[in-house]
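Colleague: The structure that follows is given in the form of structure tokens.
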Amino acid sequence: MRLLVVGTGGVGSAFAAIARRRTFFETCALSDYDAARSQAVVDGLDDGRFSAHRIDASSTEDVARLIRESQADAVLNAVDPLFNVPIFEACFESGATYLDMAMTLSEPHPEKPFEQVGVKLGDYQFERADAWEEKGLLALVGIGVEPGAADVFARYAADELFSEIDEVGVRDGANLVVDGYDFAPTFSIWTTIEECLNPPVIWEQDRGWFTTEPFSEPEVFDFPEGIGPVECVNVEHEEVLLVPRWVDCKRVTFKYGLGDEFIDVLKTLHKLGLDSKEKIRVKGAEVAPRDVVAAVLPDPATLGDRMVGKTCAGTLVTGTGTDGSLRKTYLYHVVDNEWSMREYGSQAVVWQTAVNPVAALELLASGDWSATGVLGPEAFPPKPYLAKLEELGSPHGILEL
């Protein structure tokens, strides 16, 4: 397998550090709009299979050019989802397998944003599913940790643990602390603003997809492995758009443990219009306010040395177990920042995201996963994936509640 990675920020560089220890690929072209950044990653790897390239991820033509030049069989999209469409289309035109960790962006309902869905996450991609299948190509969307591993957990629960599922509820929380910063998101602030300030989506069997107010329905969830209780709120996320397509259940939700301070900052950004993606003119320059916010905050990839704690991604499944009794099970994945920094030089949140496309690509390379069309992680058998995570030194856990 020959790989092309678009984006060498936190997740892209963590992917390279993990993949470097694996043998499933022949070459891996690492690309970025900043050629010096991709070159720095390659220099740190000291592995002849990797090469550095410049790319314009906003240009389908330029992405297709690099797919041809690198002879890539598979392309991992590791940039902000703003660029999903040109990368997705370049893969289709070039005949390459496409993977991303966040699907194409949503657009709120123009009249009832907190009641009805407008354009949903991934709609652009799923509307093209037939064309991908007809061409014999695969687009594996949402294959990070959330979405990604969390979706695999839902499929595993449906296949192995439950006879009937009432709710699949993804719950994400952490006790990470970043020393020296009053406010320092541990993941892309661009993406964080997008998913936290958009109307959260919920799915119910009788209603389909509908929306609520941001940060609605707070609940305290007690996370495992010493993280402890964290208040979680509804947030827009891909799992709610993916799980119901392949897993038989009555309800799907996603709740994120943000904390009051983080929520207050996001609300302030929204009030000031600093969450906008639309460019405005400032002293002769065209700039999007959200890009300014992202530029002034520290790069999450550089925070590892200042971080302490663990991050947990998991799926809470409630319903009837295979023995006929009521069951409430949390399937989860925890990464300790001290471990990920020591072993890979990557902070916990980006490492936890990056390990999952490594696992998926290995399964695609070996043939353990094989399909065509536009598919989420739930569409594939979960056992080989969970075994691969364990092989990669980061197994999942199961907690009965």
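The values are calculated or read from the model by the stated rules, or taken from the named source; none is laboratory data. Treat the numbers as computed from the prediction; the structure is a model and nothing was measured. With ideal geometry, Cβ positions are generated from the backbone for all residues, glycine too; neighbour counts draw on all protein chains shown.
Colleague: Residue 81 - would you say it is surrounded by 17 or more Cβ atoms within 10 Å (Cβ to Cβ) and not hydrophobic (A, V, I, L, M, F, W, C)?
Modeller: In short, yes.
Colleague: Consider the range 321-342. How many of its residues are among the polar types (S, T, N, Q) and in a strand (DSSP E or B)?
Modeller: Residues flagged as among the polar types (S, T, N, Q) and in a strand (DSSP E or B) within the range 321-342 amount to 1.
Colleague: Filter the range 215-246 down to the residues that are of a type in the set (A, V, I, L, M) and within 19 Å of the chain's Cα centre (by Cα) and list them by number.
Modeller: 233, 235, 240, 241, 242, 243
Colleague: Taking the range 129-141 on its own, how many of its residues are surrounded by fewer than 18 Cβ atoms within 10 Å (Cβ to Cβ) and either touching a residue at least 24 places away in the same chain (Cβ under 8 Å) or in a loop (DSSP other than H, G, I, E, B) (or both)?
Modeller: Number of matching residues: 6.
Colleague: Now for a separate question. Based on this model, can you work out whether residue 373 counts as within 30 Å of residue 127 (Cβ to Cβ) and without any contact (Cβ under 8 Å) to a residue 24 or more places away in the chain?
Modeller: Details: within 30 Å of residue 127 (Cβ to Cβ): yes; without any contact (Cβ under 8 Å) to a residue 24 or more places away in the chain: no.
No: the conditions fail for residue 373.
Colleague: Does residue 99 satisfy the condition of being in contact (Cβ under 8 Å) with a residue 40 or more places away in the chain, within 25 Å of residue 145 (Cβ to Cβ) and part of a loop (DSSP other than H, G, I, E, B)?
Modeller: The answer is no for residue 99.
Colleague: Here's a follow-up. What pairs come out if I take residues in the range 22-34 that are closer than 16 Å to residue 46 by Cβ and pair them with residues that are surrounded by 14 or more Cβ atoms within 10 Å (Cβ to Cβ) and of a type in the set (Ser, Thr, Tyr) whose C-beta lies under 9 Å away, six or more apart or interchain?
Modeller: 27/51; 27/70; 28/51; 28/70; 30/8; 30/13; 30/38; 30/51
Colleague: Do the conditions hold for residue 198, that is, is it in contact with a Ser or Thr (Cβ under 9 Å, 6 or more places away or on another chain), closer than 24 Å to residue 262 by Cα, at pLDDT 95 or above and polar (S, T, N, Q)?
Modeller: Details: in contact with a Ser or Thr (Cβ under 9 Å, 6 or more places away or on another chain): yes; closer than 24 Å to residue 262 by Cα: yes; at pLDDT 95 or above: no; polar (S, T, N, Q): yes.
So residue 198 does not fit the description; no.
Colleague: Can you run down the residue pairs with Cβ atoms below 6 Å, 6 or more apart or on separate chains, where the first is in the range 260-285 and without any contact (Cβ under 8 Å) to a residue 40 or more places away in the chain and under 27 Å from residue 229 (Cβ atoms) and the partner is among the polar types (S, T, N, Q) and loosely packed, with under 10 Cβ neighbours inside 10 Å?
Modeller: Final answer for the pair search is none.
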